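As structure tokens, the structure follows; a few thoughts come after it.
Read the figures in this text as sums done on the coordinates, not as results from a lab. Treat the numbers as computed from the prediction; the structure is a model and nothing was measured.
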Amino acid sequence: MTRFLLVLMMVLAPLSPAFAVQPGEVLADPGLEARARAISRDLRCPVCQGESIDDSNAPISRDLRLVVRERIMAGDTDAQVIDFVVSRYGEFVLFNPKPEGANLILWLAGPGVLLLGGLGAFLYIRRRGQAAAPVEALTADEQARLRELMKK
């Protein structure tokens with residue numbers, strides 16, 4: 001029996017972030033809880049950085065989950081809850097920051113670099129094709145000499 005429990009713990013250990021939301025945090029209303037989970041998945045843990053506060057076991061993530069649930073219980077909309085958290089922690093906590101202000105540069109940088117790279121590749125291929133073309137055509141004497149050489 002002990003071996004079975006040990007194997008079970010080893011199998012379930014990688015899944016521990018899935019159980020980050022503690023039973024005491026869960027709201028009684030399933031609809032409000034679903035809203036809280038959806039908002040929590042869009043907010044980044046300030047400590048873990050790669051995990052949402054819904055998945056993180058960090059104490060600050062727990063506090064943020066509680067704040068989200070408190071704001072929902074107070075009657076805030078999803079946007080108001082997110083604005084409240086962003087006002088406290090900055091846009092860093094958003095997995096998808098709003099494309100405005102300084103963030104607009106980041107949103108446009110990827111497509112801009114892709115377009116510049118495509119334009120550079122197009123110009124390179126075009127110049128390369130032009131350089132391979134003959135500069136001058138053969139004169140009549142050169143063409144006759146070429147035909148003679150080809151016959152032999």
Margin query: Largest first and in whole Å, what are the equivalent-ellipsoid semi-axes of segment 68-152 based on the Cα gyration tensor, each being the root of 5 times an eigenvalue?
Written below: 70, 11, 7
Notebook entry, point to check: Gain in length, Thr2 to Ile105, computed as 0.36 nm per residue apart minus the alpha-carbon separation, to one decimal in nm?
Noted result: 31.4 nm
Check: Long-range amide H contacts for Leu94: which residues qualify at under 5 Å (H placed 1.01 Å from N, peptide plane, sequence gap of 5 or more or a different chain)?
Finding: Arg44
